[in-house]
Amino acid sequence: MEDKPIQQQVNDFQRVWREILDELGGVIVGQQEVLQQVLLCLLAGGHALVEGVPGLAKTLLVRTLADVLDLSFSRIQFTPDLMPADITGTTVLAEGAGPMTFRFEPGPIFAHLVLADEINRATPKTQSAVLEAMAEQTVSVARTSHRLPAPFMVLATQNPIEMEGTYPLPEAQVDRFLLKIAIAMPSRSELVEIIDRTTAQPPPRPRKVADASQLLAMRELVRQVKLAGPLKDTIAAIVLATHPADPSAPPLVRRAVRYGASPRGAQGIALAAKVLALRDGRGHVSLDDIRAVAAPALRHRLVLSYEGQADGVEPDQIITEVMSGSMLNG
(Lines give C-alpha, C1' and ligand atoms only; values in the text may rest on other atoms or scores of the structure.)
Protein backbone atom coordinates (compact mmCIF):
# COMPACT_ATOMS: atom_id res chain seq x y z
CA MET A 1 0.00 0.00 0.00
CA GLU A 2 2.88 2.37 0.82
CA ASP A 3 4.23 2.24 -2.78
CA LYS A 4 1.02 3.70 -4.22
CA PRO A 5 0.08 7.38 -4.53
CA ILE A 6 -1.53 8.68 -1.35
CA GLN A 7 -5.01 9.06 -2.89
CA GLN A 8 -4.88 5.49 -4.16
CA GLN A 9 -3.97 4.34 -0.65
CA VAL A 10 -6.95 6.25 0.74
CA ASN A 11 -9.22 4.68 -1.90
CA ASP A 12 -7.90 1.21 -1.07
CA PHE A 13 -8.50 1.89 2.63
CA GLN A 14 -12.13 2.82 1.90
CA ARG A 15 -12.64 -0.27 -0.24
CA VAL A 16 -11.21 -2.68 2.34
CA TRP A 17 -13.20 -0.98 5.12
CA ARG A 18 -16.46 -1.47 3.20
CA GLU A 19 -15.65 -5.07 2.31
CA ILE A 20 -14.83 -5.96 5.91
CA LEU A 21 -18.10 -4.43 7.15
CA ASP A 22 -20.04 -6.20 4.39
CA GLU A 23 -18.63 -9.57 5.45
CA LEU A 24 -19.26 -8.88 9.14
CA GLY A 25 -22.80 -7.74 8.35
CA GLY A 26 -23.45 -11.00 6.51
CA VAL A 27 -22.91 -12.88 9.77
CA ILE A 28 -23.80 -10.40 12.53
CA VAL A 29 -27.38 -9.09 12.55
CA GLY A 30 -27.64 -5.32 13.04
CA GLN A 31 -25.17 -3.63 15.42
CA GLN A 32 -23.68 -1.57 12.60
CA GLU A 33 -22.27 1.05 14.95
CA VAL A 34 -20.65 -1.63 17.10
CA LEU A 35 -19.08 -3.28 14.04
CA GLN A 36 -17.67 0.05 12.89
CA GLN A 37 -16.26 0.92 16.31
CA VAL A 38 -14.55 -2.46 16.70
CA LEU A 39 -13.00 -2.14 13.24
CA LEU A 40 -12.05 1.47 13.98
CA CYS A 41 -10.31 0.38 17.18
CA LEU A 42 -8.39 -2.36 15.37
CA LEU A 43 -7.20 -0.03 12.61
CA ALA A 44 -6.18 2.62 15.15
CA GLY A 45 -3.98 0.03 16.87
CA GLY A 46 -5.91 0.06 20.14
CA HIS A 47 -7.91 -2.25 22.39
CA ALA A 48 -11.66 -2.24 23.02
CA LEU A 49 -13.72 -2.63 26.17
CA VAL A 50 -17.19 -3.93 25.32
CA GLU A 51 -20.15 -3.80 27.67
CA GLY A 52 -23.35 -5.69 27.02
CA VAL A 53 -25.56 -8.43 28.39
CA PRO A 54 -24.79 -12.06 27.47
CA GLY A 55 -25.91 -13.46 24.14
CA LEU A 56 -25.21 -10.44 21.93
CA ALA A 57 -22.76 -12.26 19.61
CA LYS A 58 -19.57 -10.74 21.01
CA THR A 59 -17.62 -13.96 20.50
CA LEU A 60 -19.08 -14.44 17.02
CA LEU A 61 -18.10 -10.88 16.13
CA VAL A 62 -14.43 -11.30 17.05
CA ARG A 63 -14.18 -14.77 15.51
CA THR A 64 -15.74 -13.52 12.27
CA LEU A 65 -13.40 -10.51 12.20
CA ALA A 66 -10.45 -12.91 12.56
CA ASP A 67 -11.76 -15.01 9.66
CA VAL A 68 -12.28 -11.98 7.42
CA LEU A 69 -8.74 -10.72 8.11
CA ASP A 70 -7.07 -14.16 8.18
CA LEU A 71 -5.87 -13.57 11.76
CA SER A 72 -5.49 -15.96 14.68
CA PHE A 73 -8.22 -15.81 17.33
CA SER A 74 -8.27 -16.78 20.98
CA ARG A 75 -11.01 -16.62 23.59
CA ILE A 76 -10.18 -16.50 27.30
CA GLN A 77 -13.04 -17.02 29.75
CA PHE A 78 -12.11 -15.06 32.88
CA THR A 79 -13.13 -16.68 36.16
CA PRO A 80 -12.09 -16.04 39.79
CA ASP A 81 -9.77 -19.07 39.79
CA LEU A 82 -7.95 -18.12 36.56
CA MET A 83 -4.20 -17.67 37.13
CA PRO A 84 -1.82 -15.35 35.22
CA ALA A 85 0.06 -18.35 33.78
CA ASP A 86 -3.23 -19.60 32.31
CA ILE A 87 -3.17 -16.49 30.11
CA THR A 88 0.49 -15.81 29.39
CA GLY A 89 1.83 -19.36 29.27
CA THR A 90 4.53 -21.03 31.29
CA THR A 91 7.95 -22.65 31.09
CA VAL A 92 7.89 -26.45 31.04
CA LEU A 93 10.56 -29.11 31.24
CA ALA A 94 11.03 -30.66 27.80
CA GLU A 95 12.29 -34.21 27.42
CA GLY A 96 14.06 -35.37 24.29
CA ALA A 97 16.93 -37.45 23.00
CA GLY A 98 19.45 -35.12 24.64
CA PRO A 99 19.50 -33.48 28.05
CA MET A 100 16.27 -32.06 29.41
CA THR A 101 15.70 -28.37 28.71
CA PHE A 102 13.14 -25.74 29.62
CA ARG A 103 10.74 -24.65 26.89
CA PHE A 104 8.21 -21.84 26.88
CA GLU A 105 4.64 -22.91 26.14
CA PRO A 106 2.66 -19.85 24.95
CA GLY A 107 -0.72 -19.18 26.52
CA PRO A 108 -3.91 -18.07 24.77
CA ILE A 109 -2.81 -14.40 24.84
CA PHE A 110 -0.56 -15.27 21.88
CA ALA A 111 -3.07 -14.52 19.13
CA HIS A 112 -3.82 -11.60 16.85
CA LEU A 113 -7.33 -11.07 18.24
CA VAL A 114 -7.95 -11.99 21.87
CA LEU A 115 -11.44 -11.99 23.38
CA ALA A 116 -11.09 -11.51 27.14
CA ASP A 117 -14.59 -12.56 28.14
CA GLU A 118 -15.97 -11.14 31.40
CA ILE A 119 -12.57 -9.75 32.35
CA ASN A 120 -13.94 -8.24 35.56
CA ARG A 121 -14.61 -11.72 36.98
CA ALA A 122 -10.87 -12.42 37.38
CA THR A 123 -8.74 -11.30 40.32
CA PRO A 124 -6.65 -8.11 40.02
CA LYS A 125 -3.47 -10.21 39.81
CA THR A 126 -4.81 -12.04 36.77
CA GLN A 127 -6.13 -8.85 35.22
CA SER A 128 -2.66 -7.33 35.51
CA ALA A 129 -1.25 -10.14 33.37
CA VAL A 130 -3.22 -8.70 30.46
CA LEU A 131 -2.01 -5.16 31.19
CA GLU A 132 1.58 -5.67 30.02
CA ALA A 133 0.39 -7.44 26.90
CA MET A 134 -1.91 -4.53 26.05
CA ALA A 135 0.62 -1.83 26.82
CA GLU A 136 3.87 -3.35 25.56
CA GLN A 137 2.67 -6.13 23.23
CA THR A 138 5.04 -8.46 25.06
CA VAL A 139 4.71 -11.11 27.75
CA SER A 140 7.39 -11.66 30.41
CA VAL A 141 7.79 -15.16 31.82
CA ALA A 142 10.80 -16.30 33.87
CA ARG A 143 12.59 -13.00 33.20
CA THR A 144 12.27 -13.47 29.44
CA SER A 145 10.16 -11.25 27.20
CA HIS A 146 8.18 -12.82 24.38
CA ARG A 147 6.82 -10.69 21.54
CA LEU A 148 3.12 -11.03 20.74
CA PRO A 149 1.99 -11.37 17.12
CA ALA A 150 1.29 -8.23 15.11
CA PRO A 151 -1.30 -6.91 14.76
CA PHE A 152 -2.49 -7.56 18.31
CA MET A 153 -5.80 -6.47 19.82
CA VAL A 154 -7.61 -7.31 23.06
CA LEU A 155 -11.39 -7.04 23.06
CA ALA A 156 -12.50 -7.36 26.68
CA THR A 157 -16.12 -7.76 27.74
CA GLN A 158 -17.89 -6.76 30.93
CA ASN A 159 -21.27 -8.00 32.06
CA PRO A 160 -23.22 -5.03 33.45
CA ILE A 161 -26.01 -7.04 35.09
CA GLU A 162 -24.10 -9.58 37.19
CA MET A 163 -21.96 -7.89 39.82
CA GLU A 164 -21.60 -10.73 42.33
CA GLY A 165 -18.13 -12.24 42.25
CA THR A 166 -16.63 -9.47 40.13
CA TYR A 167 -13.52 -7.34 40.63
CA PRO A 168 -13.80 -3.82 39.20
CA LEU A 169 -11.06 -3.02 36.71
CA PRO A 170 -8.51 -0.52 38.06
CA GLU A 171 -8.59 2.90 36.40
CA ALA A 172 -5.04 2.35 35.10
CA GLN A 173 -6.14 -0.75 33.23
CA VAL A 174 -9.39 0.74 31.94
CA ASP A 175 -7.36 3.65 30.58
CA ARG A 176 -5.42 1.24 28.36
CA PHE A 177 -8.52 0.65 26.23
CA LEU A 178 -8.80 2.98 23.26
CA LEU A 179 -12.60 2.76 23.12
CA LYS A 180 -15.46 1.59 25.30
CA ILE A 181 -18.23 0.15 23.13
CA ALA A 182 -21.77 -0.35 24.38
CA ILE A 183 -23.82 -3.12 22.75
CA ALA A 184 -27.56 -2.60 22.94
CA MET A 185 -30.28 -5.23 22.71
CA PRO A 186 -31.40 -5.90 19.12
CA SER A 187 -34.74 -4.64 17.88
CA ARG A 188 -37.74 -6.91 17.32
CA SER A 189 -37.07 -7.22 13.58
CA GLU A 190 -33.39 -7.97 14.28
CA LEU A 191 -34.37 -10.67 16.79
CA VAL A 192 -36.57 -12.27 14.14
CA GLU A 193 -33.67 -12.25 11.70
CA ILE A 194 -31.36 -13.74 14.35
CA ILE A 195 -33.85 -16.59 14.81
CA ASP A 196 -33.95 -17.17 11.04
CA ARG A 197 -30.17 -17.14 10.66
CA THR A 198 -29.35 -19.32 13.65
CA THR A 199 -32.11 -21.93 13.71
CA ALA A 200 -32.81 -22.64 10.06
CA GLN A 201 -29.38 -23.33 8.56
CA PRO A 202 -25.68 -23.00 9.37
CA PRO A 203 -24.45 -19.37 9.33
CA PRO A 204 -22.66 -18.25 6.15
CA ARG A 205 -18.89 -18.39 6.10
CA PRO A 206 -17.32 -14.98 5.48
CA ARG A 207 -14.67 -14.61 2.81
CA LYS A 208 -11.18 -13.36 3.54
CA VAL A 209 -10.85 -9.67 2.63
CA ALA A 210 -7.36 -8.79 3.88
CA ASP A 211 -4.46 -10.20 5.90
CA ALA A 212 -2.08 -9.13 8.66
CA SER A 213 0.34 -7.32 6.37
CA GLN A 214 -2.46 -5.29 4.75
CA LEU A 215 -3.88 -4.43 8.14
CA LEU A 216 -0.49 -3.20 9.36
CA ALA A 217 -0.14 -1.06 6.23
CA MET A 218 -3.59 0.43 6.88
CA ARG A 219 -2.53 1.23 10.44
CA GLU A 220 0.55 2.99 9.10
CA LEU A 221 -1.62 5.05 6.75
CA VAL A 222 -3.79 6.13 9.70
CA ARG A 223 -0.72 7.74 11.29
CA GLN A 224 -0.16 9.82 8.16
CA VAL A 225 -3.57 11.52 8.24
CA LYS A 226 -3.25 15.28 8.85
CA LEU A 227 -4.57 16.76 12.08
CA ALA A 228 -4.62 20.55 11.92
CA GLY A 229 -3.34 22.63 14.82
CA PRO A 230 -6.74 24.14 15.72
CA LEU A 231 -8.26 20.65 15.88
CA LYS A 232 -5.45 19.44 18.15
CA ASP A 233 -6.29 22.38 20.40
CA THR A 234 -9.97 21.39 20.28
CA ILE A 235 -9.15 17.84 21.40
CA ALA A 236 -7.01 19.18 24.23
CA ALA A 237 -9.82 21.53 25.28
CA ILE A 238 -12.34 18.67 25.32
CA VAL A 239 -10.14 16.52 27.55
CA LEU A 240 -9.34 19.39 29.95
CA ALA A 241 -13.04 20.26 30.22
CA THR A 242 -13.68 16.80 31.72
CA HIS A 243 -11.62 17.78 34.80
CA PRO A 244 -13.69 19.47 37.54
CA ALA A 245 -10.79 21.72 38.60
CA ASP A 246 -10.28 23.15 35.10
CA PRO A 247 -11.79 26.62 34.51
CA SER A 248 -13.45 25.40 31.30
CA ALA A 249 -15.31 22.55 33.02
CA PRO A 250 -19.11 22.86 32.66
CA PRO A 251 -21.35 22.70 35.77
CA LEU A 252 -22.20 19.01 35.32
CA VAL A 253 -18.51 18.09 35.30
CA ARG A 254 -17.85 20.08 38.47
CA ARG A 255 -20.74 18.35 40.22
CA ALA A 256 -20.59 14.78 38.90
CA VAL A 257 -16.94 14.04 38.02
CA ARG A 258 -14.18 13.15 40.45
CA TYR A 259 -11.39 12.61 37.90
CA GLY A 260 -11.42 13.52 34.22
CA ALA A 261 -9.91 11.86 31.18
CA SER A 262 -6.16 11.22 30.93
CA PRO A 263 -3.86 12.24 28.05
CA ARG A 264 -4.61 8.82 26.56
CA GLY A 265 -8.11 10.13 26.00
CA ALA A 266 -6.74 12.85 23.73
CA GLN A 267 -4.61 10.29 21.89
CA GLY A 268 -7.64 8.03 21.49
CA ILE A 269 -9.79 10.81 20.01
CA ALA A 270 -7.03 11.79 17.57
CA LEU A 271 -6.33 8.26 16.34
CA ALA A 272 -9.99 7.27 16.06
CA ALA A 273 -10.78 10.49 14.20
CA LYS A 274 -7.99 9.77 11.72
CA VAL A 275 -9.52 6.37 10.94
CA LEU A 276 -12.90 8.00 10.30
CA ALA A 277 -11.26 10.51 7.97
CA LEU A 278 -9.82 7.68 5.86
CA ARG A 279 -13.15 5.85 5.94
CA ASP A 280 -14.71 8.92 4.35
CA GLY A 281 -11.93 9.28 1.77
CA ARG A 282 -10.11 12.21 3.35
CA GLY A 283 -6.47 12.68 4.27
CA HIS A 284 -7.30 15.14 7.05
CA VAL A 285 -9.42 15.09 10.21
CA SER A 286 -12.60 17.19 10.44
CA LEU A 287 -14.50 18.49 13.44
CA ASP A 288 -17.27 15.98 12.71
CA ASP A 289 -14.75 13.14 13.08
CA ILE A 290 -13.85 14.40 16.54
CA ARG A 291 -17.52 14.70 17.53
CA ALA A 292 -18.19 11.14 16.36
CA VAL A 293 -15.46 9.46 18.43
CA ALA A 294 -15.41 11.56 21.61
CA ALA A 295 -17.96 9.46 23.54
CA PRO A 296 -16.44 5.98 22.97
CA ALA A 297 -12.93 7.40 23.52
CA LEU A 298 -13.76 9.13 26.82
CA ARG A 299 -16.73 7.42 28.51
CA HIS A 300 -14.59 4.84 30.35
CA ARG A 301 -12.02 7.42 31.42
CA LEU A 302 -14.34 9.49 33.60
CA VAL A 303 -14.47 8.65 37.30
CA LEU A 304 -17.76 9.86 38.77
CA SER A 305 -18.01 11.57 42.13
CA TYR A 306 -20.25 10.23 44.89
CA GLU A 307 -22.83 12.85 43.96
CA GLY A 308 -22.69 11.87 40.28
CA GLN A 309 -23.16 8.20 41.14
CA ALA A 310 -26.02 8.96 43.53
CA ASP A 311 -27.79 11.04 40.87
CA GLY A 312 -27.36 8.31 38.25
CA VAL A 313 -25.37 10.53 35.90
CA GLU A 314 -24.09 8.65 32.86
CA PRO A 315 -20.64 9.42 31.37
CA ASP A 316 -22.23 10.03 27.97
CA GLN A 317 -24.35 12.82 29.49
CA ILE A 318 -21.18 14.49 30.73
CA ILE A 319 -19.44 14.15 27.37
CA THR A 320 -22.48 15.61 25.60
CA GLU A 321 -22.34 18.67 27.82
CA VAL A 322 -18.59 19.02 27.31
CA MET A 323 -19.02 18.69 23.54
CA SER A 324 -21.66 21.43 23.50
CA GLY A 325 -19.16 23.88 24.96
CA SER A 326 -17.73 26.87 23.18
CA MET A 327 -14.69 25.00 21.83
CA LEU A 328 -16.96 23.17 19.35
CA ASN A 329 -19.20 26.00 18.32
CA GLY A 330 -16.71 27.62 15.98
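The values are calculated or read from the model by the stated rules, or taken from the named source; none is laboratory data. The shown structure was predicted, so the numbers you read here are calculated from the model rather than taken from an experiment. Using ideal geometry, Cβ is built from the backbone for each residue, glycine included, and neighbour counts are taken over all protein chains shown.
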> Taking the stretch 14-61 only, how many residues are among the hydrophobic types (A, V, I, L, M, F, W, C) and closer than 25 Å to Gly265 by Cβ?
Replying inline: 14
> If we scan the stretch 267-288, do we find a residue that is touching a helix residue (DSSP H, G or I) at 6+ places or on another chain (Cβ under 8 Å), polar (S, T, N, Q), part of a loop (DSSP other than H, G, I, E, B) and under 21 Å from Gln7 (Cα atoms)?
Replying inline: yes
> Within the set of pairs 6+ apart or on separate chains, which have a first residue in the stretch 102-128 that is under 22 Å from Lys58 (Cβ atoms), a second that is in a strand (DSSP E or B) and among the aromatic types (Phe, Trp, Tyr), and C-beta atoms under 7 Å apart?
Replying inline: Ala111/Phe73; Leu113/Phe73
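Name every residue in the stretch 270-294 that is among the hydrophobic types (A, V, I, L, M, F, W, C) and closer than 23 Å to Gln9 by Cβ, in order of residue number. Give the steps one after another, and end with the answer.
So the first thing to find is which residues in the stretch 270-294 are among the hydrophobic types (A, V, I, L, M, F, W, C), and the list is 270-273, 275-278, 285, 287, 290, 292-294.
Ala270, Leu271, Ala272, Ala273, Val275, Leu276, Ala277, Leu278, Val285, Ile290, Ala292, Val293, listed by residue number.
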>> Checking the structure you have, find out if any residue of the stretch 254-263 is under 15 Å from Thr320 (Cα atoms), without any contact (Cβ under 8 Å) to a residue 12 or more places away in the chain and over 20 Å from the mean Cα position of the chain (by Cα).
In response: yes
> Is the stretch 256-277 home to any residue that is over 22 Å from Leu178 (Cβ atoms), surrounded by 19 or more Cβ atoms within 10 Å (Cβ to Cβ) and not acidic (Asp, Glu)?
Replying inline: yes
> Which residues, taken from the stretch 304-322, are farther than 17 Å from Ser248 by Cα and of a type in the set (Asp, Glu)?
Replying inline: Glu307, Asp311, Glu314, Asp316
>> Against the conditions (1) of a type in the set (Asp, Glu); (2) assigned by TED's automatic domain parsing to the domain that holds Met323; (3) more than 22 Å from Pro263 (Cβ to Cβ), where does Asp233 fall short? Just the number, please.
In response: (3)
> Looking only at the stretch 298-308, which residues are part of a helix (DSSP H, G or I) and within 17 Å of Leu169 (Cα to Cα)?
Replying inline: Leu298, Arg299, His300, Arg301
> Are any of the residues in the stretch 284-305 among the β-branched types (Val, Ile, Thr), surrounded by fewer than 24 Cβ atoms within 10 Å (Cβ to Cβ), over 30 Å from Asp22 (Cα atoms) and in contact with a Phe, Trp or Tyr (Cβ under 6 Å, 6 or more places away or on another chain)?
Replying inline: yes
